[in-house]
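Read-outs: derived from the displayed coordinates by stated rules, not from any lab. Small disclaimer: the values here were computed from a predicted structure and weren't measured. Note that we place each Cβ from the backbone using ideal geometry, even for glycine, and neighbour counts take in every protein chain shown.
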Amino acid sequence: MKDVADAYNGAWWERGWSDGRTSLIYDPPDGRIPARTPDAQKRLDAAARVTAQNEAGQLAYEGPEVMEPYTRCIIRAALPRVPTGYDNNYQIVQSPGIVAIFQEQIHETRIIPVDQRPHLDPSVSQWLGDSRGHWEGDTLVVETTNFLDQSTFQEATPKMHLVERWTRVADDRIDYRFTVSDPATWTRPWSAAIAWNKTTTLFEYACHEDNYGLYSVLAGARAKERQGAAAGTAAAKDAK
């Protein structure tokens, strides 16, 4: 029988296309992410260890608050968004003073004021940061700050500064570019470009509908606690 994995999940993959570039990054010119600072590398290594422990079933999840935002259906990933296997679609809506970007997965909507209002106070952090936009000709320019430490891009700090640019270059294509800078993470800012191509209607993303993954993980943690408590009680009786 053919690989069962292709029987269902394969239907959801979104196959991309090549525009001839070997890297999304255009600055630096070598197409590589700049070197990370020593502290940033430590953060990256620590995150990799947690991922490895998670995949090996070595983590004890005491409650949902210690699980990843993705698993908790809060956000898909930190900004800026780069393409993954599926659900890479967006819907852009404009109204006077506001641009809204609906993201197919996990159903977040970015509300971006373009009326020159100031950023929020630095003490206020948000899952997708605090975005403020303005127009430079036909290009929408958005600056985002005030990130949460639970939703960081490549283990950057909450002080990362993100600048995004959207330019409509054809009826069916938008040129999307972003620049990220964080002296505590990378030795210099860097930029990437991604083509946004017109697609069909976005689909509903029901993150945990009929999905017992989170429930089962937490139920397993509770079961381990009961086993530990029972073992402790038995040991105490033996010691008497």
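What to note about this one:
- Cα gyration tensor shape of region 46-108, rounded if a/c is under 1.5, else prolate or oblate by comparing a/b with b/c: prolate
- On Cα atoms only, tilt of 213-239 relative to the major axis of the chain in degrees: 30 degrees
- Per residue, the convex hull spanned by the Cα atoms of the chain measures out at 205 cubic angstrom.
- Inter-part distance where region 98-159 and region 21-39 are each reduced to a Cα centre, Å: 23 Å
- Around the amide H of residue 98, modelled in the peptide plane, lie the amide H atoms of 114, all under 5 Å away and 5 or more residues distant in sequence or on another chain.
- Note on residue 42: aspartates and glutamates with a C-alpha under 14 Å away, same-chain residues under 8 apart excluded, are 155.
- Candidate aspartates and glutamates for bridging to residue 224, where Cα separation is under 19 Å - those fewer than 8 sequence places away on the same chain excluded: 55, 62, 65
- For the chain, the dipole from Cβ point charges (+1 on Lys and Arg, -1 on Asp and Glu) about the Cα centre works out to 600 debye, to the nearest 20.
- Near residue 108, the amide H atoms lying under 5 Å from its own belong to 103; only residues 5 or more places off or on other chains count, and H is placed 1.01 Å from N.
- Computed from Cα positions, the angle between helix 38-55 and the longest principal axis of the chain comes to roughly 50 degrees.
- Computed over the chain with a Gaussian network model linking Cα atoms closer than 10 Å, the most mobile of 51, 157, 109 is 51.
- Overall form of region 77-183 per C-alpha gyration tensor (a/c, 1.5; a/b vs b/c): oblate
- Prolate/oblate/rounded label for region 167-234 (Cα gyration tensor, a/c 1.5): oblate
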